Amino acid sequence: MAKPKKTPRPKAETPKGFRDYFGAEVTQRAEMLRKIAGVYHRYGFDALESSGVETVEALGKFLPDVDRPNEGVFAWQEDADADKPGDWLALRYDLTAPLARVYAQHRNDLPTPYRRYAMGPVWRNEKPGPGRFRQFYQCDADTVGAPSVAADAEICAMLADCLEEVGIERGDYIVRVNNRKVLNGVMEVAGVLDPSDTDKFATERGIVLRAIDKLDRLGLDGVRALLGAGRKDDSGDFTDGAGLTDTQADVVMGFMQAKRDTGAETVARLRDLVEGSAVGLQGVEELETIADLMAAGGYGPDRVEIDPSVVRGLGYYTGPVFEAELTFEIKDDKGRVRNFGSVAGGGRYDDLVKRFTGQEVPATGVSIGVDRLLAALHAKGRLTSDAVGPVVVTVMDKARMADYQAMVAELRQAGIRAEVYLGNPKNFGNQLKYADRRGSPVAVIAGGDEFDSGMIQIKDLILGAKIAENATLEEWKDRPSQYEVPRADLVAKVREILELDR
């Protein structure tokens, strides 16, 4: 009789393009989300938490570089009913498309304008790479129902405030603003695209937009290739281009390089480029209004500037678009110096809700890439991967567990993070190794003798590590790393050590 085959053990590994987050990474993200939410709330936005799953139909075809609704997203089809096939569902790829569905569904119960912020993970079924994951956090704020570009200007100001709130200093970032209408006007005047052919215009414009949006990654030559026949990357993969003639590509490249020394000069140059296009002129005037509002609010060109190279890749933007770029330099994995790049972006999308209602509903918003912001703060040395662990109450006598629990309860009630060692207490050295591995600042030590005398030992683990590394004998004598104190002084002494080591 043949032996039954053993069921193979599953591999303990994360799927490609995903990762696990531990300790400090999770708490630092939570703290950043709290700070950003505080800014959003201060600006009058309300919180919204929508479903992580949407119908593919509701999400629409708005992801970059995709042709089918379920390409670029994690999608599946529900079981079919007797009379119809099952719906296609997908994990949300951003927080904006779900907002359009929410507003369309609940618009009669919501104020106009509706100002909401949302935070959470999104999923994209794209090719992963260094620093590019298939699941990541976004942190959005949007105003639905406000046609005025004052709403766009407010978003830009709020974005600048968010960056400074989380620790990006002024001078280390810039919020760059452009307008899709200006690009449409440039292409119309130059005869690059014919807006009367709606389907062709939308398709070809999308290719041009995605090409321009890759400027920071591919450079001028790479974008120029994508505007023409196409481009082959280092791996040999070929990407079809927009098929523009050399003359047409020159016009688009000229638009991308229209930025001048001042915002007024840039706007003047754009006005020249769109002469003869009503939509282009409207876009230029909107940029002028945004610049005036920014100046009135104290957001000068050191924080917010007009930059024609910003287009944003998503196809649903219809007017102003903006992007926050970190301007300081870092070294990549190969030791090359480069700018950190974009950490947030957004824009106006007046047609997104219309897909559901048939009526145009103006909307504008921004999305902040929280994980990239965290990486930026680590690169600047303003965050470390080291997290302060809990105070560890060690166990010298298992029969006194109630006493140890009483001590840890006192510490917690005083607002001090603490835990009782719950492993095997037989080897006391392992308890201290555990505390070290947890990054614990303090260990509390008490056995039968200590309990009988009403005294406990408190060990400063941070100072002890410093003494072990490089402290002199005189420094050690001046401040020992272990103290014997009355049991009643537990909380006071621990708090004193934590303040000294902070």
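Table: residues versus (1) in contact with a helix residue (DSSP H, G or I) (Cβ under 9 Å, 6 or more places away or on another chain); (2) surrounded by 14 or more Cβ atoms within 10 Å (Cβ to Cβ); (3) charged (D, E, K, R).
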{"site": "Ala30", "(1), (2), (3)": "no, no, no"}
{"site": "Arg42", "(1), (2), (3)": "yes, no, yes"}
{"site": "Gly60", "(1), (2), (3)": "yes, yes, no"}
{"site": "Ala80", "(1), (2), (3)": "no, no, no"}
### Query
When the stretch 410-447 is examined, which residues are found to be crowded, with 16+ Cβ neighbours inside 10 Å, closer than 18 Å to Asp501 by Cα and not small (Gly, Ala, Ser)?
Leu411, Ile416, Arg438, Pro441, Val442, Val444
### Query
Of all residues in the stretch 245-263, which are within 18 Å of Gly230 (Cβ to Cβ) and either touching a helix residue (DSSP H, G or I) at 6+ places or on another chain (Cβ under 7 Å) or aliphatic (A, V, I, L, M) (or both)?
Gln248, Ala249, Val252, Met253
#### Entry: Matching entry among Glu165, Glu78, Glu71, Glu169 (being over 19 Å from the mean Cα position of the chain (by Cα) and farther than 24 Å from Ala211 by Cα)
Glu78
### Summary
the stretch 397-466: helices (runs of 4 or more DSSP H) wholly inside it with 2 or more residues that are at pLDDT 95 or above, of a type in the set (A, V, I, L, M) and touching a strand residue (DSSP E or B) at 6+ places or on another chain (Cβ under 7 Å) are 401-413
### Query
Based on what the data block shows, is Ala409 out of contact with any Ser or Thr (no Cβ under 6 Å at 6 or more places or on another chain) and without any contact (Cβ under 8 Å) to a residue 12 or more places away in the chain?
yes
### Query
From Leu273, Leu220, Leu244, Leu287, which residue is open to solvent by 70 Å² or more (accessible area, probe 1.4 Å) and aliphatic (A, V, I, L, M)?
Leu220
#### Entry: Every residue from the stretch 337-379 that is of a type in the set (Lys, Arg) and either crowded, with 23+ Cβ neighbours inside 10 Å or closer than 19 Å to Gly120 by Cα (or both)
Arg348, Arg372
### Task
Those residues that are touching a residue at least 40 places away in the same chain (Cβ under 8 Å) and under 16 Å from Ser309 (Cβ atoms), I need them from the stretch 231-253; list them, please.
Val251, Val252
### Query
When the stretch 389-406 is examined, which residues are found to be crowded, with 20+ Cβ neighbours inside 10 Å and under 19 Å from Pro486 (Cβ atoms)?
Val391, Val393, Thr394, Tyr404
### Message
Every residue in the stretch 295-320 that is in contact with a helix residue (DSSP H, G or I) (Cβ under 6 Å, 6 or more places away or on another chain), aliphatic (A, V, I, L, M) and within 23 Å of Thr96 (Cβ to Cβ), please.
### Response
Val304, Val311
### Query
Quick one: which of Asp140, Asp161 is charged (D, E, K, R), in contact with a Ser or Thr (Cβ under 7 Å, 6 or more places away or on another chain), at pLDDT 95 or above and surrounded by 15 or more Cβ atoms within 10 Å (Cβ to Cβ)?
Asp140
## Note on the structure
Those residues of the stretch 82-114 that are surrounded by 21 or more Cβ atoms within 10 Å (Cβ to Cβ) and not in a helix (DSSP H, G or I) come to a total of 5
### Query
Taking Asp436, is it farther than 18 Å from Gln405 by Cα, of a type in the set (Asp, Glu) and out of contact with any Lys or Arg (no Cβ under 8 Å at 6 or more places or on another chain)?
yes
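The values are calculated or read from the model by the stated rules, or taken from the named source; none is laboratory data. As the structure is a prediction and not an experimental result, all values here were calculated from the model. Cβ coordinates were reconstructed from backbone atoms using ideal geometry, including for glycine residues, and neighbour counts include every protein chain displayed. Calculation scope for accessible area: heavy atoms of the full protein, side chains included, ligands and nucleic acids excluded. Shrake-Rupley method; radii C 1.70, N 1.55, O 1.52, S 1.80 Å.
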